[in-house]
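Structure first, then comments.
The values are calculated or read from the model by the stated rules, or taken from the named source; none is laboratory data. What you are looking at is a predicted structure, and each value in this text was computed from that prediction instead of being measured. So basically every Cβ, Gly included, is an ideal-geometry build from the backbone, and we count neighbours across all protein chains shown. Keep in mind that these areas ignore ligands, DNA and RNA; they rest on the heavy atoms of the full protein, side chains included. Shrake-Rupley method; radii C 1.70, N 1.55, O 1.52, S 1.80 Å.
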Amino acid sequence: MRTAVFALTQQGILCAGRVRSCLDEGAELFLPERFLAVPEVMAPIGDAAAIHPFSRLRPAVQEAFPRFESLVFVMATGIVVRMIAPLLRSKLEDPAVVVLDEQGRHVISLLSGHVGGANSLAQQLAGALGADPVITTATDVEGLMAPDAWAAELGLMPWPKSHIQAVNTALLVKRLPVYQLSSRLITRDFYAQWLTAHRLSWQSAMPAAAGSDQPLVILAPPADLPSAADVPPGTLYLVERPLFAGVGCKRGMSAAHILAALQEACRRIGMPVARIAALGSTIVKAQEAGLLQAAEELARPLHFFSQAELESAIAAYGLQESPFVKKTIGVGNVCEAAAVCCSTGRVRFALLKTRFAGVTVALAWGL
């Protein structure tokens with residue numbers, strides 16, 4: 001997950017540095033440019049490559065909002081609300097937004113608590129900083145497992161959006177959903193095991209009982225979806241998102257080595273490798289035998305993208321580039337940019353560029 005961390009004051013910057021140290025990967029700092037020349041402020045931060053200076057907060061937020069999976073603000077909540085309000089689109093698309101006070105005493109899940117993962121991010125930061133998490137979504141307050149909350153963890157998208165509230169409202173009055181699994185899910189056994197492990201009973205997909213007022217949650221591939229008008233009010237689909245793998249590799253890497261890297265990358269996000277829908281790389285690797293064989297063994301399409309296509313993805317998502325890679329093949333980011341290019345729409349990174357021996361992998365969910 002890529003996270004943009006914003007701060008406005010000297011004390012806020014110190015807290016932002018602590019926030020970044022709590023995040024495993026992908027945290028980039030957005031700081032007022034006037035502080036960059038102040039050694040006592042910047043010395044504790046380190047890693048200047050991941051710092052973006054700004055002169056005005058609003059344009060910086062506007063640029064970062066569609067590029068990052070989560071945004072953390074170390075400042076007053078009112079400022080944040082005014083900054084993001086014009087940018088909001090949908091609870092299924094907006095990034096997670098979390099707010100901290102400058103002392104790091106409270107961590108507020110402000111936006112996209114469930115689908116975007118702001119609640120879990122707030123809990124993570126609160127645990128690491130010794131702060132109090134502030135979670136206000138009703139199902140979380142009651143200790144209930146709302147379907148739209150854990151769907152993102154499994155690479156599923158709640159649909160139709162308007163039915164999320166009905167299912168969660170029923171859950172609050174202890175009308176537990178009936179879970180059904182489509183037989184055409186790519187990794188049906190994986191979902192079945194997950195539901196069973198979390199004590200959520202399930203059954204094979206079948207028509208809902210006539211007159212039943214029990215909510216129904218159906219895990220299904222996109223091909224199984226009816227029109228929104230044909231979905232009963234108490235029924236919510238959790239739709240499989242495609243998982244795209246961007247791959248870079250040294251010359252001569254074997255298929256077994258590349259497959260092992262892909263399997264480990266998927267394990268790190270809790271997914272089986274069979275969940276990958278497509279692979280992508282640079283056109284420079286179009287004749288790489290190991291990469292071609294790995295895609296064949298996975299039985300997944302492999303796309304090779306031109307430098308112009310990769311550069312376009314880098315610009316659109318503000319991806320960091322390696323000077324060495326750029327000097328070597330002409331573009332400074334292969335695996336993350338290739339994962340983006342595999343999708344015809346927006347993506348949300350599940351795993352940023354991760355290095356294995358001779359192989360780099362990035363994973364992104366299609367939205």
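The share of alpha-carbon pairs in region 256-333 lying farther apart than 15 Å comes to 63%.
Relative contact order of region 85-144: 28 percent, from C-alpha pairs under 8 Å at least 6 residues apart in sequence.
Scaling the Cα radius of gyration of region 58-128 by the globular reference 2.2 N^0.38 Å produces a ratio of 1.02. For region 164-245, the dipole from Cβ point charges (+1 on Lys and Arg, -1 on Asp and Glu) about the Cα centre works out to 220 debye, to the nearest 20. Considered as an equivalent ellipsoid built on the Cα gyration tensor, region 8-133 has semi-axes of 22, 17, 13 Å, the largest given first.
Solvent-accessible area per residue in region 1-71 equals 44 Å², computed with a 1.4 angstrom probe and all protein chains kept.
Within region 149-219, all pairs of alpha-carbon atoms sorted by distance into 5 Å bins from zero give the percentages 3, 14, 26, 29, 20, 7, 1. Secondary-structure-derived ellipticity at 222 nm for the chain, considering helices only, amounts to -9500 deg cm²/dmol, per-run term -39500 (n - 2.57) for DSSP H runs with n ≥ 4.
For the chain, with all protein chains in place and a probe radius of 1.4 Å, 54% of the accessible heavy-atom surface sits on carbon or sulfur.
Residue-wise HN-Hα couplings along region 221-237, as the Karplus relation 6.51 cos²θ - 1.76 cosθ + 1.60 with θ = phi - 60° gives them from phi, are x, x, 5, 8, 6, x, 5, 4, 5, 8, 8, x, x, x, 10, 10, 8 Hz; Gly and Pro carry x.
Charge dipole of the chain (Cα centre as origin; +1 on each Lys and Arg Cβ, -1 on each Asp and Glu Cβ, all else neutral): 260 debye, rounded to the nearest 20. Suppose we look only past 19 Å in the calculated P(r) of region 110-162. What percent of the Cα-Cα pairs does that tail hold? Value for region 110-162 (Cα pairs over 19 Å): 27 percent. Across region 176-183, rounded Karplus estimates of 3J(HN,Hα) from the backbone phi angles (6.51 cos²θ - 1.76 cosθ + 1.60, θ = phi - 60°) give 6, x, 8, 9, 10, 10, 5, 6 Hz, Gly and Pro being marked x. Between Ala308 and Arg89, the FRET efficiency from the beta-carbon distance, with R0 = 30 Å, is close to 0.60. Give the residue from Ala60, Ser322, Tyr191 lying farthest towards the positive end of the charge dipole for the chain; charges sit on Cβ (+1 for Lys and Arg, -1 for Asp and Glu) and the dipole is referred to the Cα centre. Going by the Cα projections, it comes out as Ser322. Computed log10 I(q)/I(0) for region 172-318 at 0.09, 0.16, 0.18, 0.21 Å⁻¹: -0.42, -0.93, -1.05, -1.25, from the Debye equation with unit scatterers placed on every C-alpha and solvent omitted. At a probe radius of 1.4 angstrom, the accessible area of region 186-297 per residue rounds to 49 square angstrom. Short-range pairs are left out: with C-alpha atoms under 8 Å and at least six residues apart, the relative contact order of region 1-135 is 23 percent. Using DSSP, restrict attention to beta bridges with both residues in the chain and report what percent are antiparallel, rounded to the nearest 5. Antiparallel bridges: around 35 percent, rounded to the nearest 5. One chain, two ends: Ala315 and Leu144. Fully extended at 0.36 nm per residue, the span grows by 57.5 nm beyond their Cα-Cα distance.
Counting every C-alpha pair in region 133-256, the share spaced more than 17 angstrom apart comes to 60%. Heavy atoms of the protein chains alone define the surface here; on that basis region 100-182 has 41 Å² accessible area per residue at 1.4 Å probe size. Lys-Lys pairs in the chain that are eight or more residues apart or on separate chains and whose Cα atoms lie under 25 Å of each other come to 12. When the chain is described by a simple charge dipole with +1 on each Lys and Arg Cβ and -1 on each Asp and Glu Cβ, the residue from Cys22, Cys249, Gln203 located farthest towards its positive end is Cys249. Take 316-324, 64-72, 238-246 and order them by the average number of nearby Cβ atoms within 10 Å per residue, most first; the result is 238-246, 64-72, 316-324.
The relative contact order of the chain, computed from alpha carbon pairs under 8 Å that lie at least 6 residues apart in sequence, is 12 percent. Using Cβ point charges alone (K and R +1, D and E -1), the dipole size of region 176-300 about the Cα centre works out to roughly 460 debye.
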